[in-house]
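The structure appears right after this line, and notes come after that.
The values are calculated or read from the model by the stated rules, or taken from the named source; none is laboratory data. Every value quoted in this text rests on a predicted model; they were computed, and no experiment measured them. Neighbour counts are summed over all protein chains in view; Cβ atoms, including those assigned to glycine, are modelled from backbone coordinates with ideal geometry. Ligands, DNA and RNA are excluded from the accessible area calculation, which covers all protein heavy atoms including side chains. Shrake-Rupley method; radii C 1.70, N 1.55, O 1.52, S 1.80 Å.
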Amino acid sequence: MLELRNITAGYDTGTVLHDVTLVVPDNAVVALLGPNGAGKTTLLRVASGLLRSRSGQMILDGVDVTGQQPFQLARRGVCHVPEGRGVFAALSVADNLRLQASARVDRAAVDEAASVFPRLGERRSQRAGTLSGGEQQMLALSHAYVGDPSYVLLDEVSMGLAPKIIDEIFDYLRQLAGQGISQLLVEQYVSRALELADYVYILNRGRITFAGEPQEISSETVLRSYLGALAS
Amino acid sequence: MWGVPSVNDLGPVIVTGISDGAVYAICALGLVLTYKTSGVFNFAHGAVAAASAYVFYQFRDRDHMPWGLAAVLALLVVGVIGGLLLERMSYALAEAPTVMRVVATVGLLVGLDSLLTAIYGASTIAFKNFLPQSPTRVGGVNIAASDFITLALAIVATVGLYLFFKRSRLGVAMQAVVDDPDLLSMQGISPVVVRRLAWTIGSCFASVSGMLLAPEIGINVSYLILLIIVAYGAAAIGLFSNLPLTFAGGIIIGVGINVLGQELSGSHSIAILSLAPNLPFLVLFAVMLFVPSRLLIEQGVRRVRRLRPMPTFKPQTVGVSMACFALLAIIVPLVAPAYDINDYTAGLAFAVLFMSLALLTWTSGQISLCQMAFAAVGASTFGHALAAGFPWLLALLVAGLIAMPMGALVAIPAIRLSGIYLAIATFGFGILVERLFFTSFLMFGNQYAIRTPRPHLLGLNLTGDKGYYYVTLSLTALCCVLVLLVRRSRLGRLLRGLADSPTALAAHGANTTITRVFVFCISAFLAGIGGALLAGVTQSGSEATYDFSVSLAMIAVLAFCWRLPILSPFIAAFLYQVLQVYPFFRDATVLKYDGVAFGILAIGVAVWPGLGSIRSSGRAQERDQRGSPVLARSAPVHREKVLT
């Protein structure tokens, strides 16, 4: 179980998250929804150790991991697929995959990834920067497979991609969920996210405004949370 | 004279060349490695090598240790500890703009150079061989054992590094860390460990090459720094990223220098004779001019943050302070002791030189490490024009005008390349001009100096120190006006746009090529004038005044004097040239260490913003406990009816 307790965090320019508490249970997909600027990405950055929270705790499988470095959390099974394209553009596909996998897997990672995304296998020696946007995202996402994590944090992985590729990516996420890998999913396609999710959080202006199961949430609640802060 | 030598004649030369080349290759590999993994091109790489040679000398010859122990200690002190310190510096520079990266490593070069000279003196220290010299006969040529060892070391280093990069996971991580350290960290690899390893290996390579070179040329910091610059040529052949090509480059240059030297040794022309030792610079410049720019990828600029804009002042403030300043400048010769006036005059000439540099570096965001080459062209042209009977002012104008085509020449790499490669190209260019042309009849000639008498103007005899001070002051004021006019004009706006974003400027329909050529020409013009005025102080322009090391010191000094177009050059000139007239700064010890102070200040200015970002999380935490102002101001959030 990945727990964030009373997290307050932000940047030099101001505080973004105020006292946020969120839980990602084992074998569960948690969707994190909210309008632009709500703090979703910041929350993921805290969860993967990229941003140090100002107060609050992070508990991973019962161990307090507050303030640990990203590479330490990664070794404990947290995998963050960042916003944009999380690949090293200058390296080959194969080298990217080797870095994603743990040192034990190393070279075998390419074949593992190719079993999920055959196109990556075909392009193993190509530079990642020369792949198409969809292929780069698949490469970034294969981290969740070859890295053998327990928790995957996904930040807008469908952004800027063709619907057909998004289908492919959601199939992949469903497959990961089937293997019992927990996911914290930040997604702009709300309905797709709700289909996949076991639990939903709505974040607005740095505070959790809803926590529950997808069935409890009406489309009106979602809409209000995206627009409502202004409308109500 | 030019007979075709047989293989036997060339054999020993080629062997020496390969052995020299191996040392250059080791050095270049370290340079490429650190640049590739951190995006910081270490101009001080040569100084690191020199430092290692001195430490080696200290332990072996002064402290009488066995050479093996001394070498290991030197490797430990300079390679490992130095490498770790450099890693800290490069980490603080990770998001710094290219100008500041150059300033930091140039500052380190200036500082180390000054420090080593201050401790061990400027003269060359003879250094006995430490590797066995017993010759082996191979194919009719005697080869010393040390040459074999050197070559073997270089090959092992190249193959080892190559395999490490290709095969090992850590090697792959080393190439990834410059691109996106956060992403690397998210993949379970500590970027700090990777960076430390890269800098340690790189510095150890520099250290080894310094120790290997020491017996050959003796221990002298300037020679060692210059010789290591040879490695730049090798790195350029490897396009600053390919390790096997870098190795090949080192060997090619080593052999090239030795064979060319042998072939040309019959010639009587100094220019032709100096072609061989300058081969690496020719190679470097050729790469910068002819290799497609898409192959020269600037590392680590993806994450660059912008320089903080300089504060702007009210026109009244500027006007009043300028008037006060002008008044001060006018009364200086009336109150200062007579023997100090020439130092103040030289200070004014340096202010013009710094202005030319500030225009280029701060206003247009382009880096020049060869400003003194422009100044030298100005000074020597000035001397020739006066000798040819030109009126004094006309000769001065000609000095500036002749420097302009030089500026345009340097602008060629500036059009094609940007950032760090421009800095490297200008660095190479400055040294090339110095070594190929300074002593030619076109410039200072074989007397190393050229007469530049002072003027009689408007019927006044201005050949005295005071008279010449006022001449220089008026001309400096004119140069200020020129700089201000340029800044106010459309060109000035274009230049600031160029510094901010060349792409956006091009998208607005401005021709950035012409803008770049223009600014280099104007800067060279100013530098030419400054150089000529400087020559007038001593009434003879001498080659040593315009040494390339002055260009480097200038950029280091200018860096910590803010980034204002007029004020900064004056402050820089004061610190660099005038400060030494005051008793405290006249002290021999202080004078010896001035380069150290300049270097440290330059590094400090460059890394300071980076240190800030490292500490920011802690500071932010503190501030939050006191209650964040943003928190206090933000509107209370509408809470939804939470269904939990």
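Numbers for the structure displayed
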{"quantity": "Yes/no for B:THR200 being open to solvent by 10 Å² or more (accessible area, probe 1.4 Å) and in a helix (DSSP H, G or I)", "calculated": "yes"}
{"quantity": "Failed item in (1) farther than 11 Å from B:GLY202 by Cα; (2) open to solvent by less than 30 Å² (accessible area, probe 1.4 Å), with B:THR37 passing the rest", "calculated": "(1)"}
{"quantity": "Unique match (being at positive phi and either surrounded by fewer than 24 Cβ atoms within 10 Å (Cβ to Cβ) or in the same structural domain as B:GLY30 (by TED's automatic domain parsing) (or both)) among B:PHE205, B:PHE240", "calculated": "B:PHE240"}
{"quantity": "Within region B:40-94, considering residues that are closer than 21 Å to B:VAL178 by Cβ and not in a helix (DSSP H, G or I), the one modelled with the lowest pLDDT", "calculated": "B:ALA94"}
{"quantity": "Region B:211-255, residues that are assigned to a helix (DSSP H, G or I) and among the polar types (S, T, N, Q)", "calculated": "B:SER222, B:THR246"}
{"quantity": "Subset of region B:170-183 (residues that are without any contact (Cβ under 8 Å) to a residue 40 or more places away in the chain and either more than 7 Å from chain A (Cβ to nearest Cβ) or over 27 Å from B:ALA94 (Cα atoms) (or both))", "calculated": "B:LEU170, B:GLY171"}
{"quantity": "Scope region B:275-309; condition touching a residue at least 12 places away in the same chain (Cβ under 8 Å), over 16 Å from B:GLY233 (Cα atoms) and in a loop (DSSP other than H, G, I, E, B); matching residues", "calculated": "B:ILE297, B:GLU298, B:GLN299, B:GLY300, B:VAL301, B:ARG302, B:ARG303, B:VAL304, B:ARG305, B:ARG306, B:LEU307, B:ARG308"}
{"quantity": "Single residue of B:SER628, B:SER617, B:SER613 found to be under 27 Å from B:VAL40 (Cβ atoms), modelled with pLDDT under 60 and crowded, with 16+ Cβ neighbours inside 10 Å", "calculated": "B:SER617"}
{"quantity": "Residue within region A:61-72 that is surrounded by fewer than 24 Cβ atoms within 10 Å (Cβ to Cβ), among the charged types (D, E, K, R) and either touching a residue at least 24 places away in the same chain (Cβ under 8 Å) or within 8 Å of another protein chain (Cβ to nearest Cβ) (or both) present", "calculated": "yes"}
{"quantity": "Test: residue in region A:130-147 that is part of a loop (DSSP other than H, G, I, E, B), under 21 Å from the mean Cα position of the chain (by Cα), in contact (Cβ under 8 Å) with a residue 12 or more places away in the chain and within 18 Å of B:ASP182 (Cα to Cα)", "calculated": "yes"}
{"quantity": "Scan of region B:149-169 for residues that are more than 7 Å from chain A (Cβ to nearest Cβ) and touching a helix residue (DSSP H, G or I) at 6+ places or on another chain (Cβ under 7 Å), ordered by number", "calculated": "B:THR150, B:LEU151, B:LEU153, B:ALA154, B:ALA157, B:THR158, B:LEU161, B:TYR162, B:PHE164, B:PHE165"}
{"quantity": "Subset of region B:40-79 that is open to solvent by 50 Å² or more (accessible area, probe 1.4 Å) and touching a residue at least 40 places away in the same chain (Cβ under 8 Å) - its residue that is nearest to the chain's Cα centre (by Cα)", "calculated": "B:LEU75"}
{"quantity": "Exclusive hit being of a type in the set (A, V, I, L, M, F, W, C), open to solvent by less than 30 Å² (accessible area, probe 1.4 Å) and either within 9 Å of chain B (Cβ to nearest Cβ) or under 17 Å from A:PRO25 (Cα atoms) (or both), set A:ALA177, A:ALA211", "calculated": "A:ALA211"}
{"quantity": "Close pairs (8 angstrom Cβ cut-off, 6 or more residues apart or separate chains): touching a residue at least 12 places away in the same chain (Cβ under 8 Å) in region B:241-253, open to solvent by 30 Å² or more (accessible area, probe 1.4 Å) and not β-branched (Val, Ile, Thr) anywhere", "calculated": "B:SER241/B:LYS36; B:SER241/B:GLN299; B:LEU243/B:TYR162; B:PRO244/B:TYR162; B:ILE253/B:LEU279"}
{"quantity": "Residues within region A:150-174 that are surrounded by 17 or more Cβ atoms within 10 Å (Cβ to Cβ) and on the phi > 0 side of the Ramachandran plot, tallied", "calculated": "1"}
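Residue-wise test of (1) in contact (Cβ under 8 Å) with a residue 12 or more places away in the chain; (2) buried (at least 19 other Cβ atoms within 10 Å of the Cβ).
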site: B:LEU564; (1), (2): yes, no
site: B:PRO583; (1), (2): no, no
site: B:VAL590; (1), (2): no, no
site: B:GLY595; (1), (2): yes, yes
site: B:ILE603; (1), (2): yes, yes
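Quick grid of which residues meet (1) more than 8 Å from chain B (Cβ to nearest Cβ); (2) part of a strand (DSSP E or B); (3) at pLDDT 95 or above:
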| site | (1), (2), (3) |
| --- | --- |
| A:ASP19 | yes, yes, no |
| A:ALA38 | yes, no, no |
| A:ARG45 | yes, no, no |
| A:GLY49 | no, no, no |
| A:ALA89 | no, no, no |
| A:ASP95 | no, no, no |
| A:ARG98 | no, no, no |
